[in-house]
Amino acid sequence: MNTKSPECYTTDPQARCLRIEISPGRLLLLPLDQFAFAEFNTDDKEQLLHLSFATHEIMIRGNALRRIETAMHRLELSFITPLPAKYHPLLAEGQPKIREIVVVENKSFDSQPQASLN
């Protein structure tokens, strides 16, 4: 019997990429060296953590996201995934709970002029 509580994030001090499991069957790997900034907002009901990379914007909604923000600050965040609501009661108080992850590709990155080698 597995007694380990489910987790919606992991850290690794040697991580080079952030692995984002957006939904079952859909993954995205973003190089940590392309991380630009993070913004953390909170209201009475939930928190929003915005992670900006050179090519993508990541919006994470949930609760107790400060640990995830701290791991990103240290460039140790290696994996995030939404945690189904049925697992939320199994988590200890104060443990991060990711409800939703939204990924948006930066279109301005695609439209930048390419350097020519001619």
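Nothing in this text is a laboratory measurement; each read-out follows from the coordinates by a stated rule. Every value quoted in this text rests on a predicted model; they were computed, and no experiment measured them. Backbone-built Cβ (ideal geometry, glycine too); neighbour counts: all protein chains shown.
Can you run phi through the Karplus equation (6.51, -1.76, 1.60; θ = phi - 60°) for region 8-21 and list ³J(HN,Hα) in whole Hz, with x for Gly and Pro?
Once θ is set to phi - 60°, the couplings for region 8-21 become 9, 7, 9, 10, 7, x, 9, 4, 10, 9, 9, 8, 10, 8 Hz.
Could you name the aspartates and glutamates whose alpha carbon sits less than 18 Å from that of Lys107, not counting residues in the same chain fewer than 8 places away?
Lys107 reaches Glu57.
Expressed as a rounded percentage, what relative contact order does the chain have, with Cα pairs under 8 Å and six or more residues apart?
31 percent
Please figure out what share of the DSSP beta bridges in the chain is antiparallel and state it in percent, rounded to the nearest 5.
Given both bridge residues lie in the chain, the antiparallel proportion sits at roughly 95 percent.
Calculate the FRET efficiency for Val104 and Asp44 from the Cβ-Cβ distance with a Förster distance of 22 Å, rounded to the nearest 0.05.
0.30
Let me know the longest stretch in the chain that avoids all trypsin sites (Lys or Arg not before Pro) found in a DSSP loop with at most 15 other C-beta atoms within 10 Å.
Excluding the exposed sites themselves, the longest stretch runs over 75-118.
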